1. Apply the Debye scattering formula to segment 116-217, with a single equal point scatterer on each alpha-carbon and no solvent, then give log10 I(q)/I(0) at q = 0.12, 0.13, 0.17 Å⁻¹.
2. Hey, fewest Cβ within 10 Å first, where do 260, 303 land in order?
3. Within the chain, what's the longest run with no trypsin sites (Lys or Arg not before Pro) in a DSSP loop and at most 12 other beta-carbon atoms within 10 Å? Give the range, please.
4. Could you calculate the FRET efficiency of residue 191 with residue 85 from 1/(1 + (r/R0)^6), where r is the beta carbon distance between them and R0 is 30 Å, rounded to 0.05?
5. For the chain, what does the relative contact order come out to in percent, with C-alpha contacts under 8 Å and a separation of six or more?
6. Tell me, in nm to one decimal, what length is gained between residue 209 and residue 18 on full extension, where the rule is 0.36 nm per residue of separation less the Cα-Cα distance?
7. Between residue 57 and residue 7, what is the label-to-label distance in nm when each label sits 7 Å out along the Cα-to-Cβ direction?
8. What does the convex hull of the alpha-carbon atoms of segment 120-300 project to on average, in nm²?
Amino acid sequence: MNLKLNVVPFVSVDNMMKLVLTIGVERFLLELAECIEADFRRWESFDKTPRVASHSREGVIELMPTSDGEVYGFKYVNGHPKNTREGRQTVTAFGVLADVATGYPVLLTEMTILTALRTAATSAVAAKHLAPKGARAMAIIGNGAQAEFQALAFKALLGIDTLRLYDIDRSASAKCVRNLAGLGFSITVCNSIEGAMEGVQIVTTVTADKQNATILTDNMVGSGLHINAVGGDCPGKTELHADILKRSDIFVEYPPQTRIEGEIQQLPPDYPVNELWRVIAGHEPGRTGDRQITLFDSVGFAIEDFSALRYVKRQIEQTGLSDELDLLADPDEPRDLFGMLLRAAATPNAA
């Protein structure tokens, strides 16, 4: 228990980077994936609601809350594709964990880096249950900020060692090649999406433009493929032709949210989908045949962020990689908040 009731552990970007590098990126992804799987197995114990979103022409700002009855967590996150033209990140985020019994926050942390890690870990968890057994090759369509995290998560959890990359901006692919050099991959930069799809068992689509795009068309998708659709994650933003969806067994995180934001926003509101948590918990099968096309329609859900926050809190308790943030007023007498203010005014150098 933290006896300094006004102090909340704060993980800055600098400390998050130190934490990830101290643990090791692949080990971090593996352990984070274990937390996500554990929380998916107790899915029914969580509060669940579609994220609260404020949409604009430029992008979206969202709050993603959940609670298991003992701990509450939320994430603030934005998505602004135009930001890269101004030298800014498309996605930024921070998150909070709080004690349900008192309402006091127990962790405040950056989540820009952490969201990239949890998104990749969730993708790999889904593929662990849905991708063809023995898959070694993956195409990544869209080689921006998320691409390397996806590659390393799939390597750590599934043993993927062959990557075929495509991006309309070839410099993004070159960046990805540089960053992954020496990390155990055979990498090919391709001149087309069709070229990137050759010989792979998994394809990850992770593009950023806020529009109904057609990154994959039906003729590109052969039998037995697992599609990890990451980029379609808000209303009016998709990556796959609707005909692909109709040929696939579709797996989602939380249907009420995915029907608004995911690839399945293109389909009727009662179109049948499978909930990933039921597969992870052993209630329903995942991949059932060699020719089956599986699609993880990933939009991200608050329980995954809860898992990531829970994991980081445990790690900073072991490593000390956090700062003390004077966040909460803590008067000597809980009912005398104004008196605390007066006493501060009377204290020399209070300002």
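What follows is calculated from the coordinates using simple rules that are stated; it is not laboratory data. Computed from a predicted model, the values in this text were never measured in an experiment. Every residue, glycine among them, receives a Cβ derived from its backbone with ideal geometry; neighbour counts consider all protein chains shown.
1. The calculated log intensity ratios at q = 0.12, 0.13, 0.17 Å⁻¹ are -0.34, -0.40, -0.70.
2. Ascending number of Cβ neighbours within 10 Å: 260, 303.
3. 134-290
4. Working from the Cβ atoms, E equals 0.80.
5. 21 percent
6. 65.7 nm
7. Once both label points are built, they end up 4.9 nm from each other.
8. So the Cα hull casts an average projection of 9.1 nm².
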